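The values are calculated or read from the model by the stated rules, or taken from the named source; none is laboratory data. As the structure is a prediction and not an experimental result, all values here were calculated from the model. Glycine gets a Cβ as well: all are built from the backbone with ideal geometry, and neighbour counts include every protein chain shown. Each accessible area value is taken on the protein alone, full model and side chains, heavy atoms only, with ligands, DNA and RNA left out. Shrake-Rupley method; radii C 1.70, N 1.55, O 1.52, S 1.80 Å.
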Amino acid sequence: MNAMTRFHLLFLLLVLAIAVPFATADTIQLNNKTFGNIGSVTLTAQGGGVMVTLQANSGFSFKLPGGDILFNTSASLTGSSISGLTIDGLYTANFAFGGPATRAGQAYTYNLSNMTKGTLPHGYVSANTISFFISNVTLAQLQPYKWGVHFCTASGSNCGPQTGFATSGGTPVPEPGTLSLLGTGLVGLAGFFRRRLLS
């Protein structure tokens, strides 16, 4: 094995070692039997926990008062494990957290519910985006488990004429971090230049 080949192998191993730890997010689809895909839950590992972002598809929103965001995990959580709850980008400290709970015939470990106005405008009863941070939990403790959410059949802060319950299904889709994409690009460039040098 010549020096150039060894260099390329070491470079490839270095790039892979940098790239792999940054694949730290998953997106899980939320589905309802009648309405199909209503939105998604994105889980992003951060220092000390996981950031959860629920995004409703066009024509749907997430129910706030009287609604639930439910999930299963092997982690032991309390109300203080949930922080930074924002509803359409506006912070609120008004919510309840507990469990276990059963909705639509499915059992869940934890239930985030009774999300109310706080700093939200009067009459805000549903939202397109809900985000919150769960401390003392890893991505692996949330990835393989089910999520459930109450939704409304209208976008924005007005709940709309119908409500329903959507659950996660299927395998989470990994989302590589920016450095992982950079690493993949560097590997491609290394292969390109290697071929140019050898020919």
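Which pairs have Cβ atoms under 6 Å, sit 6 or more apart or on different chains, and link a residue in the stretch 124-142 that is over 15 Å from GLY89 (Cα atoms) to one that is open to solvent by 20 Å² or more (accessible area, probe 1.4 Å) and not in a loop (DSSP other than H, G, I, E, B)?
From residues that are over 15 Å from GLY89 (Cα atoms), the pairs are LEU139/ALA45.
Just one of (1) under 18 Å from THR86 (Cβ atoms); (2) open to solvent by 20 Å² or more (accessible area, probe 1.4 Å); (3) at pLDDT 90 or above trips up PHE132, so point out which.
If we test PHE132 against (1) under 18 Å from THR86 (Cβ atoms); (2) open to solvent by 20 Å² or more (accessible area, probe 1.4 Å); (3) at pLDDT 90 or above, just (2) comes out false.
Report every pair of residues separated by at least 6 positions or lying on different chains whose Cβ atoms are under 8 Å apart, first residue within the stretch 22-37 and modelled with pLDDT under 95 and surrounded by 18 or more Cβ atoms within 10 Å (Cβ to Cβ), second in a loop (DSSP other than H, G, I, E, B) and among the acidic types (Asp, Glu).
From the stretch 22-37, the pairs are ALA25/GLU175; ASP26/GLU175.
Collect the residues in the stretch 72-101 that are without any contact (Cβ under 8 Å) to a residue 60 or more places away in the chain, open to solvent by less than 20 Å² (accessible area, probe 1.4 Å) and more than 17 Å from THR116 (Cα to Cα), keeping them in residue-number order.
Correct list: SER81, ALA101.
Those residues that are open to solvent by 60 Å² or more (accessible area, probe 1.4 Å) and modelled with pLDDT of 95 or more, I need them from the stretch 38-57; list them, please. If you could, list the steps in order and put the result at the bottom.
Narrowing the stretch 38-57 to residues open to solvent by 60 Å² or more (accessible area, probe 1.4 Å): 46-47, 55.
GLN55 - this is the single residue of the stretch 38-57 that is open to solvent by 60 Å² or more (accessible area, probe 1.4 Å) and modelled with pLDDT of 95 or more.
Do we have any residue at all in the stretch 102-119 that's open to solvent by 60 Å² or more (accessible area, probe 1.4 Å), without any contact (Cβ under 8 Å) to a residue 12 or more places away in the chain and in a loop (DSSP other than H, G, I, E, B)?
Within the stretch 102-119 (the criterion being open to solvent by 60 Å² or more (accessible area, probe 1.4 Å), without any contact (Cβ under 8 Å) to a residue 12 or more places away in the chain and in a loop (DSSP other than H, G, I, E, B)), the answer is yes, since at least one residue qualifies.
Is it true that GLN162 is at pLDDT 60 or above and touching an Asp or Glu at 6+ places or on another chain (Cβ under 8 Å)? Working first, answer last.
Working: at pLDDT 60 or above: yes; touching an Asp or Glu at 6+ places or on another chain (Cβ under 8 Å): no.
No.
Tally the residues that are of a type in the set (Lys, Arg) and either touching a helix residue (DSSP H, G or I) at 6+ places or on another chain (Cβ under 9 Å) or within 21 Å of TYR124 (Cβ to Cβ) (or both), restricting the search to the stretch 54-109. So that I can check it myself, show each step before the final result.
Kept after step one, since they are of a type in the set (Lys, Arg), are these residues of the stretch 54-109: 63, 103.
Of the ones still in play, those that are also either touching a helix residue (DSSP H, G or I) at 6+ places or on another chain (Cβ under 9 Å) or within 21 Å of TYR124 (Cβ to Cβ) (or both) are 63.
Residues flagged as of a type in the set (Lys, Arg) and either touching a helix residue (DSSP H, G or I) at 6+ places or on another chain (Cβ under 9 Å) or within 21 Å of TYR124 (Cβ to Cβ) (or both) within the stretch 54-109 amount to 1.
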